[in-house]
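Asker: Got a structure here, written out as structure tokens. Questions coming.
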Amino acid sequence: MRVQEVQLTTVPEESVTEQNFGVFDAEVGGPDKGQVLVGLRRLGLNAGLAHRLGGGGTAYGPGIGVGDVPESDAVVEVLRSEDKNFETGELAVGKVPWSTAAVVEGSGLRKIRPPASDDELDAHLTILGHVGFTAYTGMIHVGGVGPEDVVYVSGAAGGVGSCAVQFAKARGATVIGVAGSDEKVSLLTDVLGADRAINRHDGPAVDLLREAAPEGIDLYYDNVGGEQLEAALDVLNTGGRAVICGAVSQSSGGPDNYRNMIYKELTMRGFTVTAHEDLREQFESEVGDWLGEGKVQSLHSVFEGIDRVPEAFETLLAGGSTGRVIVGVEPQRG
Ligand SMILES: NC(=O)c1ccc[n+]([C@@H]2O[C@H](COP(=O)([O-])OP(=O)(O)OC[C@H]3O[C@@H](n4cnc5c(N)ncnc54)[C@H](OP(=O)(O)O)[C@@H]3O)[C@@H](O)[C@H]2O)c1
């Protein structure tokens, strides 16, 4: 089958530009046993991939040299299958090359339900994807958020945080988010529905949180650790809960004020999303319904056409987009 693919053509010197890539015609063969020929529908781009261009690999994948075709997670359509779990026409998510079609291992694909709209397809790379599933596991399952809770979310405008804020609102809680710029603060209150939002550069975390939450907080969703976790432990009400999702702000150590857990009978619980695959069906159903009802939304910017992948990637790296950058591709079926 004739396909179009995006290759790295030159190693970036300072910043990555669209000129570092080219779009070429190529040929793919048929799938072998256990493999699936898939057509690309929506490609999600990640800034982290830039670190691998022309260099060594990172935890997220191998180095990418001149002539290589990078890979990203995507929504794909099954065109031909030699894996008994997949049939032609089904949709799935998985990691695939930047190409209009490709042969991939069936074991690397996860089927998704037929979407109500293109928007729902894109959501599988955002709020119905990995970051959404992480936030759902942490906020709904571990945190047990409810309408009576005042919830504080750190890293609130980030990938996981923006979903955590929306899920807590969808469950009826009062939500306070903290982020690192005035622009993100506006996004939190004006777009994501947070009741209050803090710019963490405006002062000491504990002072800002006390001011934003005079009634105290009942649940803290922690993406960052460090100063934010200590502030939350000071402001949590008796019997409060802290969900430990991530600790990007610290490399070691823990909160100095953890004794608050004794005096205020706090519960702190961490989680690893990959241990909660059993929640996947409930997650897709509940968040899919919230999306349909307009209670939550997928934050993304879309570019149409495989030939726009280089431009989309440059825009992402230049910070000129909101939410995840996604490239839409017309289904190629023969
Ligand atoms: N437990 C799990 O299974 C699981 C699964 C996936 C991800 N995670 C974790 O979840 C967290 C969020 O992931 P993500 O993909 O949403 O990342 P992300 O989009 O990069 O969001 C993280 C946010 O943290 C904030 N931040 C960065 N450095 C900070 C610092 N020094 N102090 C305070 N805030 C800081 C930044 O927001 P501002 O500058 O706007 O504050 C950033 O947007 C990460 O810690 C990740 O490791 C955990």
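Asker: For segment 54-100, which positions are among the aliphatic types (A, V, I, L, M), within 21 Å of Asp122 (Cα to Cα) and under 24 Å from the mean Cα position of the chain (by Cα)? Walk me through how you get there before you give the answer.
Answerer: Initially, segment 54-100 is screened for residues among the aliphatic types (A, V, I, L, M), giving 59, 64, 66, 69, 74-76, 78-79, 91-93, 96.
Next cut, within 21 Å of Asp122 (Cα to Cα) only: 74-76, 78-79, 91-93, 96.
Across segment 54-100, the qualifying residues are Ala74, Val75, Val76, Val78, Leu91, Ala92, Val93, Val96.
Asker: A further question follows. How many residues, within segment 259-280, are within 25 Å of Ala179 (Cβ to Cβ), of a type outside the set (A, V, I, L, M, F, W, C) and more than 24 Å from the chain's Cα centre (by Cα)?
Answerer: As a first pass, look at segment 259-280 and keep what is within 25 Å of Ala179 (Cβ to Cβ): 260, 266, 268-273.
Checking the rest, the ones that are also of a type outside the set (A, V, I, L, M, F, W, C) come to 260, 269-270, 272.
Applying the additional criterion that residues be more than 24 Å from the chain's Cα centre (by Cα) yields 260.
Counting residues in segment 259-280 that are within 25 Å of Ala179 (Cβ to Cβ), of a type outside the set (A, V, I, L, M, F, W, C) and more than 24 Å from the chain's Cα centre (by Cα) gives 1.
Asker: Can you confirm whether segment 220-233 contains a residue that is closer than 17 Å to Phe133 by Cβ and buried (at least 18 other Cβ atoms within 10 Å of the Cβ)? Explain how you work it out, then say what you get.
Answerer: Filtering segment 220-233 down to residues closer than 17 Å to Phe133 by Cβ leaves 221, 223.
Then drop every residue that is not buried (at least 18 other Cβ atoms within 10 Å of the Cβ), which leaves 221, 223.
The answer is yes, given that some residue of segment 220-233 is closer than 17 Å to Phe133 by Cβ and buried (at least 18 other Cβ atoms within 10 Å of the Cβ).
Asker: Something else about it: Mind listing whichever residues of segment 146-189 are part of a loop (DSSP other than H, G, I, E, B), within 11 Å of the ligand (Cβ to nearest atom) and over 14 Å from the mean Cα position of the chain (by Cα)? Explain how you work it out, then say what you get.
Answerer: Step one: of segment 146-189, the residues part of a loop (DSSP other than H, G, I, E, B) are 146-149, 154-158, 171-173, 180-181.
Next, only the ones that are within 11 Å of the ligand (Cβ to nearest atom) stay: 154-158, 180-181.
Of everything in segment 146-189, those that are part of a loop (DSSP other than H, G, I, E, B), within 11 Å of the ligand (Cβ to nearest atom) and over 14 Å from the mean Cα position of the chain (by Cα) turn out to be Ser154, Gly180, Ser181.
Asker: Determine if segment 147-154 includes at least one residue that is in contact with a His (Cβ under 6 Å, 6 or more places away or on another chain), hydroxyl-bearing (Ser, Thr, Tyr) and more than 16 Å from Pro331 (Cβ to Cβ). Can you show your working first?
Answerer: First, the residues of segment 147-154 that are in contact with a His (Cβ under 6 Å, 6 or more places away or on another chain): none.
Looking through segment 147-154, none of the residues is in contact with a His (Cβ under 6 Å, 6 or more places away or on another chain), hydroxyl-bearing (Ser, Thr, Tyr) and more than 16 Å from Pro331 (Cβ to Cβ).
Asker: A further question follows. For segment 268-289, name all the residues that are aliphatic (A, V, I, L, M) and in contact with a helix residue (DSSP H, G or I) (Cβ under 7 Å, 6 or more places away or on another chain). I'd like the intermediate steps shown before the answer.
Answerer: First pass over segment 268-289, keeping only residues aliphatic (A, V, I, L, M): 268, 273, 275, 279, 287.
Met268, Val273, Leu279, Val287 - these are the residues of segment 268-289 that are aliphatic (A, V, I, L, M) and in contact with a helix residue (DSSP H, G or I) (Cβ under 7 Å, 6 or more places away or on another chain).
Asker: Oh, and also: Take the residues in segment 171-186 that are under 14 Å from Tyr221 (Cβ atoms) and not β-branched (Val, Ile, Thr), then tell me which one is surrounded by the fewest Cβ atoms within 10 Å (Cβ to Cβ). Give the steps one after another, and end with the answer.
Answerer: Of all residues in segment 171-186, those under 14 Å from Tyr221 (Cβ atoms) come to 171, 173-179.
The next check asks that each one be not β-branched (Val, Ile, Thr); those that pass are 171, 173, 177, 179.
On the way: Arg171: 20, Ala173: 22, Gly177: 30, Ala179: 26.
Going through the qualifying residues, I end up with Arg171.
Asker: Let me ask something additional. Asp195 passes all but one of (1) more than 16 Å from Val145 (Cβ to Cβ); (2) within 24 Å of the chain's Cα centre (by Cα); (3) of a type in the set (Asp, Glu); which number fails?
Answerer: Just one mismatch for Asp195, condition (1).
Asker: Tell me whether segment 112-132 contains one or more residues that are within 11 Å of the ligand (Cβ to nearest atom), out of contact with any helix residue (DSSP H, G or I) (no Cβ under 6 Å at 6 or more places or on another chain), within 27 Å of Gly203 (Cβ to Cβ) and not in a loop (DSSP other than H, G, I, E, B).
Answerer: no
Asker: I've got another one for you. Does Glu211 count as without any contact (Cβ under 8 Å) to a residue 12 or more places away in the chain and out of contact with any helix residue (DSSP H, G or I) (no Cβ under 7 Å at 6 or more places or on another chain)? So that I can check it myself, show each step before the final result.
Answerer: Values: without any contact (Cβ under 8 Å) to a residue 12 or more places away in the chain: yes; out of contact with any helix residue (DSSP H, G or I) (no Cβ under 7 Å at 6 or more places or on another chain): yes.
Answer is yes for this residue.
Asker: Follow-up question, since we're still on this one. Could you check how many residues of segment 276-304 are under 28 Å from Ser99 (Cβ atoms) and exposed (fewer than 15 other Cβ atoms within 10 Å of the Cβ)?
Answerer: Of segment 276-304, the ones under 28 Å from Ser99 (Cβ atoms) are 280, 284, 298-304.
Then keep just the ones that are exposed (fewer than 15 other Cβ atoms within 10 Å of the Cβ); that gives 280, 304.
So the count comes out to 2.
Asker: Evaluate segment 181-202: report whether one residue or more is over 22 Å from Ser321 (Cβ atoms) and of a type in the set (S, T, N, Q). Working first, answer last.
Answerer: Let us first name the residues in segment 181-202 that are over 22 Å from Ser321 (Cβ atoms), namely 195-196, 198, 200-202.
Subset that is of a type in the set (S, T, N, Q): none.
Scanning segment 181-202, I find no residue that is over 22 Å from Ser321 (Cβ atoms) and of a type in the set (S, T, N, Q), so the answer is no.
Each value in this text was obtained by applying a stated rule to the coordinates, not by laboratory testing. Because the structure is a prediction, the values reported are computed rather than measured. Virtual Cβ from ideal backbone geometry, glycine too; neighbours counted across all protein chains shown.
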